[in-house]
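In what follows, a single structure is set out as structure tokens and then discussed.
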Amino acid sequence: MSELATADVKNGWMNRALNTIEVVGNKLPDPAVLFALLMVIVWGLSWLLSGVTFNELHPRTGESIQIINLLSGSALTQFSSNIVTTFVNFPPLGVVLVAMLGLGVAEYTGFINAGLRSILSVTPRMLLTPVLIAVGILSHVAVDAGYVLVIPLGAVIFYAAGRHPLAGIAAAFAGVSGGFSATFFVPSSLDPLLAGMTEVSAQILDPSVTVNSLNNYFFTTASTALIILIGWFLTDKVIEPRLKATKVDGDTSQMIKMDALTPQERKGLRAASFSMLLMMVLLVLSVLPENTPWAAAPADVAEGMNPLLVNAAPLMKSIVTLIFVFFLVPGIVYGYVSGSVQNHRDVIKGMSHAMSGMGYYIVMAFFCALFLYAFNQSNLGVLMAVKGANALKAMGLPLAMTLVGIVFLSGLVNLVVGSASAKWALIGAIMVPMLMELGISPDLTQAAYRVGDSSTNIITPLLPYFPLIVVFCQKYVKGSGIGTLVALMLPYSIVMLLLWTAFLLGFWAFDIPLGFGASYQYIPGG
């Protein structure tokens, strides 16, 4: 059990509640074992429910949902034959490992250490939190880069500034994942992805409906300020005071300290920064031409979207590669100029050092990938989503309460289905046409979904990157576990869920446009 749960901190009801959550959460099995047990439970439930007839219809096929028995001979042999591909193709695995190769070199040579010390020497301590959260929100443009880059750097920055590293992880996680549906002026790849699914769902009821890819742009951009303010207040006034009694018992020899830069370090930092700037200039020059190979093909670009920022764009697909290169090259330059690297063997040693720290994550990723595969194959997630949406429809609530219901239902479904696009594919096909019948536009339904989905991202262990964040915490506080992270993030989740929902209701009440081509009401044929 970590000292976070046992330390003599303030005796307020919130601290007692969070301490209880942490104690209970940390008594759960190791995350790898937990995912294995959950997989076994899914197998058992799939066998028990495989013979049950459900009236709910599958949103994709239109047929009655049938739970697949994962203990049948054919299912077991399929599972067995796909174990390797399921693990290797687990989306976060490659993203994390490739990015960490470059980041590992930059950390091993001292480039990240020197760069952060230089920045922190001129950055007011009180502004670290909002700036970190803002950077986390901005990282959405780079798909999942925030999980492998911003969150660990948040801990490093806070520790170097004399603040608790877990508070840095919490603030960064709140921006990257809790604020996943906020946009910092630049649309994220999630916008066209969700809008496309919304349009398909709306056309189930009305084939003439079209949905703009930026239909929530004004709302999600305005939400950035709300998320930053919430995260800033909670980090500084709730989370960090609670962490004061938590001892940092990790290997402090590897952690950044705020010593003044030596002349050799300054020289290396200047050279490394120049190399990074040069690469940025070359990248910008390569994307400027109209026929740049970084852009997506016209057929893959929705109306109103930049061909460089859609999912199909080679630039977006190369984000992880760019992270690798943009930290590898400056890291090497810094190492040679500052003297921390003598030859190429030191560079490889830096990569190996980074990979040696990822062993625990790889083990967790293996069992997490297998569990998610089994859960998706069983159709249990689909059944739970459809039953929830149907229950909401049966309540017949007023419009404002219906919107609140959508937000909370989306948040609950998020606890069992991690992917934002997968959830919307499951429940959007039910929610969108269902609420269109009540006069609610697809644009408003989508906005409500995004609020609920983002707010609970940070407390669901089924988020593919959740095990990685636990590993980041354990680097600084060895006793950290699932309960530690959930207890840290629960205040963010609750406050975001309540205030962000109120923010959406405010947009609706004052008829503030949600985005381009968006509306609040659905009028058939209108």
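The values are calculated or read from the model by the stated rules, or taken from the named source; none is laboratory data. Worth saying up front: this structure is predicted, and the values here are computed from it rather than measured. Positions of Cβ are backbone-derived with ideal geometry, glycine not excepted, and every protein chain shown enters the neighbour counts. Accessible surface is based on the protein model in full, side chains and every heavy atom, while ligands, DNA and RNA are left aside. Shrake-Rupley method; radii C 1.70, N 1.55, O 1.52, S 1.80 Å.
Before moving on, here are some points about what is shown:
- Fully extended contour minus Cα-Cα distance, from LEU226 to SER72, at 0.36 nm per residue: 50.5 nm
- As a rough guide to protection, the peptides 81-87, 282-288, 42-48 ranked by mean Cβ packing within 10 Å, highest first, stand as 42-48, 81-87, 282-288.
- With both labels modelled 7 Å from their Cα along Cα-to-Cβ, the ILE494 to ILE348 distance reads 5.3 nm.
- Computed with a 1.4 Å probe over protein heavy atoms only, the accessible surface of segment 316-405 comes to 44 Å² per residue.
- Efficiency of FRET between LEU308 and LEU57 - r from beta-carbon atoms, R0 30 angstrom, step 0.05: 0.15
- Other residues whose C-beta falls under 10 angstrom from the C-beta of TYR108 contribute a net charge of -1, scoring Lys and Arg +1 and Asp and Glu -1.
- Over segment 432-500, the hull volume per residue, using the convex hull of the C-alpha atoms, is 96 Å³.
- The loop-placed GluC sites (Glu not before Pro) in segment 264-303, going by DSSP, that have at most 13 neighbouring Cβ atoms within 10 Å of their Cβ come out as GLU290, GLU303.
- Prolate/oblate/rounded call for segment 211-299, Cα gyration tensor, a/c under 1.5 rounded: oblate
- Of the whole protein surface, ILE494 contributes about 90 Å² of accessible area at a 1.4 Å probe radius.
- Rg to Rh, two decimals, where segment 277-398 supplies the alpha carbon set and Rh follows Kirkwood: 1.17
- Accessible surface of PHE274 - all protein chains present, 1.4 Å probe, nearest 10 Å²: 130
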